[in-house]
Amino acid sequence: DDMGLGRRIKCSLCTKALKKIQMLAGDNPDEAAVTAALKKGCRLLGRFLGKQCQKLVSQYQDQISQGLQNGDTPRDICITMGMCKA
């Protein structure tokens, strides 16, 4: 079904993007590190995914930032954002 496929793509994009962002932010990132990583992380995904990633990031910046600072896994953060099923 289209909805399921759309959600799976969203989920994998979300986790992929957040893994990159988490890697860039480093262990124990502060707000500034997370913000810089958010900007850079999307660019690393290439043009098409990068655009999707930018949308995601601008919409959910607070949740992403909070999650990374709390040390949540990319998947947990994506679940919180409703991109992945728990």
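Over the Cα atoms of the stretch 11-62, compute the convex hull volume and normalise it per residue, giving Å³.
66
Go ahead and estimate [θ] at 222 nm for the chain from helices alone: -39,500 (n - 2.57) per DSSP H run with n ≥ 4, summed, over the residue count, rounded to 500.
Taking each H run of at least 4 residues, the total per residue is -26500 deg cm²/dmol.
Which one of I77, G46, A25 has its Cα pushed farthest toward the positive end of the charge dipole of the chain, where Lys and Arg give +1 and Asp and Glu give -1 at the Cβ?
G46
Got a sec? Charge dipole of the chain, +1 on Cβ for Lys and Arg, -1 for Asp and Glu; which of I64, T35, I9 is way out at the positive end?
My answer, from the dipole projection, is I9.
Obtain the nm distance between the two label points defined at Q69 and S12 by a simple spin-label model: each point lies 7 Å from its Cα along the Cα-to-C-beta direction.
3.3
How large is the charge dipole for the stretch 4-81, taken about the Cα centre, if only the Cβ atoms of Lys, Arg (+1) and Asp, Glu (-1) carry charge, to the nearest 20 debye?
Roughly 680 debye for the stretch 4-81.
Going by alpha carbons, how many degrees (0 to 90, nearest 10) lie between the helix axis of 47-70 and the longest principal axis of the chain?
60
Considering Cα pairs under 8 angstrom that are at least six residues apart, work out the relative contact order of the chain and quote it in whole percent.
RCO, the chain: 35 percent.
With every protein chain left in place, what is the accessible area per residue of the chain in square angstrom, probe 1.4 Å?
With the other protein chains kept in place, the chain gives 65 Å² per residue.
Restricting to lysine pairs 8 or more places apart or on different chains, what number in the chain have Cα atoms under 13 Å apart?
Going through the chain pair by pair, I get 9.
The values are calculated or read from the model by the stated rules, or taken from the named source; none is laboratory data. Quantities reported herein were computed from a predicted structural model and do not represent experimental measurements. Heads up, the Cβs are rebuilt from the backbone with ideal geometry, glycines too, and the neighbour counts pull from every protein chain shown. When the accessible area is computed, the model is the full protein with side chains, heavy atoms only, and any ligands, DNA or RNA have been set aside. Shrake-Rupley method; radii C 1.70, N 1.55, O 1.52, S 1.80 Å.
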